[in-house]
Amino acid sequence: MVRPPSPRPLPPVVLMLLLLLLLLLLPPSPLPLAAGDPLPTESRLMNSCLQARRKCQADPICSAAYHHLDSCTSSISTPLPSEEPSVPADCLEAAQQLRNSSLIGCMCHRRMKNQVACLDIYWTVHRARSLGNYELDVSPYEDTVTSKPWKMNLSKLNMLKPDSDLCLKFAMLCTLNDKCDRLRKAYGEACSGPHCQRHVCLRQLLTFFEKAAEPHAQGLLLCPCAPNDRGCGERRRNTIAPSCALPPVAPNCLELRRLCFSDPLCRSRLVDFQAHCHPMDILGTCATEQSRCLRAYLGLIGTAMTPNFVSNVNTSVALSCTCRGSGNLQEECEQLEGFFSHNPCLTEAIAAKMRFHSQLFYQDWPHPTFAVMAHQNENRALRSQPWAPSLFSCTLPLILLLSLW
């Protein structure tokens, strides 16, 4: 009897393509991480405005141009988007001389030392449109993403009632963390009492949301509540102590923005928020990922543009201001107010974070103490898909080779 010929082995190139195709189709790693897993660290500033300023001081031409521009921007009022400031020709010349210096591309970081000094340098160069390449949606902050795990020990929450709301549980997690607890008590003391000083309260709030671990800060502010749990919603809304932190009488939103623009830190946080939470079209396509939008949103808390939840029964947020009395700037005022109250990018980012927080307490984790990486859904319209062309380029030659084999 004639034996059938044994199948020929696949060539090495086909085996390599099969292996590559398999690696491309593997699912991403799960969210929970072991405590010892290596994690990417935050990159350092590539071109800090403080470093750029020191370089500029070493160059007589650059140093003279910067000093002249500094005197120009201190004498010119900060323009609003609807205004066109008149700028002297000598100031324009000074700005032109700095275009090729490292100052033009310098950046700052939210948690850096001497942050205000860094931002002062940034806005000296970029404050007025006519003095440089001023664009409202260009953030002065370097766009870095931290990927540090949040270590939690949920067993310590056993002291709470099993049916305690999640806002109470996140508050307890903050209390159990020394740094979070210390920072929270500091702003709690500054923002309490019938004679609290609003500027002191805001400064302590800003310190908390800047120095507390991001998962703790987001957990306190963006804790999910059941629709009918008004007590939980009230606890969430009172996180920032609105009775002291927010103005007693709502000012005009444009005046609030004008006040914010006069402060380099507040101006930077507002521009950062506009850059990362900006809907680019009527379909709600967002400028950047949800994690960046939330970080920018929390960065506003403690500034003149501090937003908050509008009620105890939903997750809508808004500025504490009004558009009454805006005159012929009514449309511009409503656009500013709507950037908070009717912003689909911000709304979905908050909802996604609350869903993630809810899942933390309703999953069976392998051990009560673990590290969790918050996985924010990226903007599908902007997320690059490098695997798509690779997958096609690998599959097509594979099919041709197998058809010829």
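Using the per-residue mean of other Cβ atoms lying within 10 Å as a proxy for protection, in what order, highest first, do the peptides 50-57, 269-276 fall?
Working: 50-57: 17.2, 269-276: 23.6.
Highest to lowest by the protection proxy: 269-276, 50-57.
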How big is the accessible area of residue 138 in square angstrom, nearest 10, if you roll a 1.4 angstrom probe over the protein chains? 60
Specify the inter-centroid distance of the stretch 162-190 and the stretch 332-353, based on alpha-carbon positions, in whole Å. 27
Taking the Cα centre of the stretch 157-360 as origin, work out the dipole magnitude from +1 charges on Lys and Arg Cβ and -1 charges on Asp and Glu Cβ, in debye rounded to 20. 580
With a 1.4 Å probe and every protein chain left in place, work out the accessible area per residue of the stretch 157-360 in Å², rounded to a whole number. 44
Let me confirm the definition first: pairs of Lys residues in the stretch 157-360, 8 or more apart or on different chains, C-alpha distance under 22 Å. How many are there? 8
Charge-dipole axis of the stretch 253-361 as Lys and Arg at +1 and Asp and Glu at -1 on Cβ define it, positive-most pick from 359, 297, 276: 359
Which order do 61, 104 take when ranked by solvent-accessible area (1.4 Å probe, heavy atoms of all protein chains), largest first? 61, 104
Non-local amide H neighbours of residue 322 (under 5 Å, H modeled in plane, Pro and chain starts lacking H): which ones? 252, 253
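Using the Cβ atoms and a cut-off under 15 Å, what net charge is assigned to the surroundings of residue 197, where Lys and Arg are +1 and Asp and Glu are -1?
Working: positive: 198, 203; negative: 189.
Combined, the nearby Lys, Arg, Asp and Glu give +1.
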Just add up the charged neighbours of residue 222: K/R +1, D/E -1, any other residue whose Cβ is under 9 Å from the Cβ of residue 222. +2
Local electrostatic count at residue 333 - Lys and Arg +1, Asp and Glu -1, tallied over other residues with Cβ under 12 Å: -2
Between 260, 233, 206, whose Cα lies farthest towards the positive end of the dipole of the stretch 150-266 when Lys and Arg beta carbons carry +1 and Asp and Glu beta carbons carry -1, centred on the Cα centre? 206
Please compute the volume of the convex hull spanned by the alpha-carbon atoms of the stretch 157-360 and report it per residue in Å³. 127
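The values are calculated or read from the model by the stated rules, or taken from the named source; none is laboratory data. As the structure is a prediction and not an experimental result, all values here were calculated from the model. Virtual Cβ from ideal backbone geometry, glycine too; neighbours counted across all protein chains shown. Note: areas computed on protein heavy atoms with side chains; ligands, DNA, RNA excluded. Shrake-Rupley method; radii C 1.70, N 1.55, O 1.52, S 1.80 Å.
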